[in-house]
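Remarks on the structure that follows.
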Amino acid sequence: MTTEPQPNPYQSPLLSLPGAVAGDGIDAGVAAHYGSLYGEQRTLAAGEGFVDLSHRDVLRVAGPDRLTWLHSLTTQFFEGLEPGRWVSALILSPQGHIEHAFTGVDDGEAFTAHTEPGRAAALIGFLERMKFMTRVEISDVSDQVAVAWRPAGKYDLVPRDQLSAYADAAGPAAGLWAFEALRIERGEPRFGIDTDERTIPNEVGWLETGQQWAAVHLDKGCYRGQETVARVHNLGRPPRRLTLLHLDGSENRLPDQGTEVEPAGGGRAVGFVGSSARHHELGPIALGLLKRNVATDAPLVVAGMPASQEVIVDPEIGLHFRPAR
C-alpha cells in the first residue's frame, strides 16, 4: 500500500504579508496569492519578484563520492558537475517508471536538492538503501533550508529563519497560483500531479531538450530504467503524451487533479488532467496526459468543459517536445 506524501509542517512567515491567502493540500504552508492573481503573474512574466516555495522538502547529499554516486543512480549527468549549476534528475524503476524527481545544486562540498512536499522521506529512504560502501551522507534539511523561485527558472536556497529578510530584498512576492499558471503555460510537468505510477520520462518532456527542467541526459552510462527510455526515444512513439489543454472559459471553475479527459463526441476516457490554473492571457489552462493515438487536433471534454489541445510532447518524432514558447 502506497502512503500519500505528507506536506512538511513548516508554515511560511510570508503568510503574514498583506493580502496573503494560504494554499491548500500539499501546497499548504505558503501563499496561493497575495490578493492579485493576474498582477502577480504579470510581475513574474516581466522578470521581477519571487515565489515562496518553502513548503518543498529539502535534502542534502554530502561526501567525496556524492557526484559519481548520483551519476550512477539517476537520469542526470552528475560527473564533473560544476558548483553553482542547477540540475534536475529522476530516479526510475527497472521498467523506466518515474519514482522520484528532484532539482538541486552542488556547492563543492554537498549537493542540496528540493523535491515535492512530503516526498523527501521516501527519496532519502531509497538513497540510503543504495549507499553500500559509498562515501556519502544524506540528511533531510527541510527544517533549516527553504526554497524560493525567481523568474528565468532560477532557484534560491534560503536559511529558513531568514525568509522574511529575503522577501524584503527580493520582492515583490508572487503566490503559488501565479507560479503554477506560468509553469503550466511552459509545459513543465510536476511530479505526482502531472504524472502517475506508470509515467516514463518520454511521455512528459523530461528528456534533454534544452528546457531548463530537462532531467534526462541522453549521453551517459547505464542507470536503472535506461533501457526503456532509450527504446522509446529511438522509436519515437511514447505511449502517452503531455499536452496543454485550453479550457472553455465560460464557466468559473477548474477541473480537479485526476479528472478524466474524454472525446468531445463521447466515448471512453483518453487521459487525465494534472495541474490546472487561470492564466492572465490564455484563460483557464491545464496539463493533460493523453493516449498517444489521440489526434493532436481532436476536440476534448474535461469535466463537461470543452477543451482544445496545444502539443507539448510530439506523439511521433524528434525529441518529443515542442519548441520553446
Only one of (1) among the β-branched types (V, I, T); (2) closer than 17 Å to A122 by Cβ; (3) touching a helix residue (DSSP H, G or I) at 6+ places or on another chain (Cβ under 6 Å) is not met by V51, so which one is it?
(2)
Quick one: how many residues across the range 123-153 are open to solvent by 60 Å² or more (accessible area, probe 1.4 Å), in contact (Cβ under 8 Å) with a residue 12 or more places away in the chain and of a type outside the set (S, T, N, Q)?
6
What is the number of the single condition among (1) at pLDDT 95 or above; (2) more than 25 Å from D168 (Cα to Cα); (3) outside any loop (DSSP other than H, G, I, E, B) that P94 does not meet?
(3)
Restricting attention to the range 282-305, the residues that are in contact with a Ser or Thr (Cβ under 8 Å, 6 or more places away or on another chain) and at positive phi number exactly 1
Positions within the range 229-273 being open to solvent by less than 20 Å² (accessible area, probe 1.4 Å) and of a type in the set (S, T, N, Q), in sequence order:
T243
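Yes/no per residue for (1) within 22 Å of R119 (Cβ to Cβ); (2) in contact with a helix residue (DSSP H, G or I) (Cβ under 6 Å, 6 or more places away or on another chain); (3) not basic (K, R):
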{"position": "A148", "(1), (2), (3)": "yes, no, yes"}
{"position": "A169", "(1), (2), (3)": "no, no, yes"}
{"position": "D196", "(1), (2), (3)": "yes, no, yes"}
{"position": "N202", "(1), (2), (3)": "yes, yes, yes"}
{"position": "A215", "(1), (2), (3)": "yes, no, yes"}
{"position": "K220", "(1), (2), (3)": "no, no, no"}
{"position": "Y223", "(1), (2), (3)": "yes, no, yes"}
{"position": "E227", "(1), (2), (3)": "no, no, yes"}
Quick check on my filter: what residues within the range 298-317 are among the charged types (D, E, K, R) and modelled with pLDDT of 95 or more?
E310
When V273 is evaluated against the numbered criteria (1) touching a Phe, Trp or Tyr at 6+ places or on another chain (Cβ under 8 Å); (2) β-branched (V, I, T); (3) free of Cβ contacts under 8 Å to residues at least 40 places away in the same chain, which criterion, by number, is the only one it fails?
(1)
In the list E48, E79, which residue meets the criterion of being of a type in the set (D, E) and within 18 Å of G153 (Cα to Cα)?
E48
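Given the criterion modelled with pLDDT of 95 or more and within 15 Å of the chain's Cα centre (by Cα), identify the matching residue among F102, F77, F126.
Exactly one residue qualifies, and that residue is F102.
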Restricting the search to the range 170-215, which residues are of a type in the set (A, V, I, L, M) and open to solvent by 20 Å² or more (accessible area, probe 1.4 Å)?
A170, A173, I193
Given E48, E40, which one is charged (D, E, K, R) and more than 12 Å from L176 (Cα to Cα)?
E48
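The values are calculated or read from the model by the stated rules, or taken from the named source; none is laboratory data. Values in this document were obtained by computation on a predicted structure and should not be read as measured data. Every residue, glycine as well, gets a Cβ built from its backbone with ideal geometry; the counts of neighbours run over all protein chains shown. Heavy atoms of the whole protein, side chains included, go into the accessibility calculation; ligands, DNA and RNA do not. Shrake-Rupley method; radii C 1.70, N 1.55, O 1.52, S 1.80 Å.
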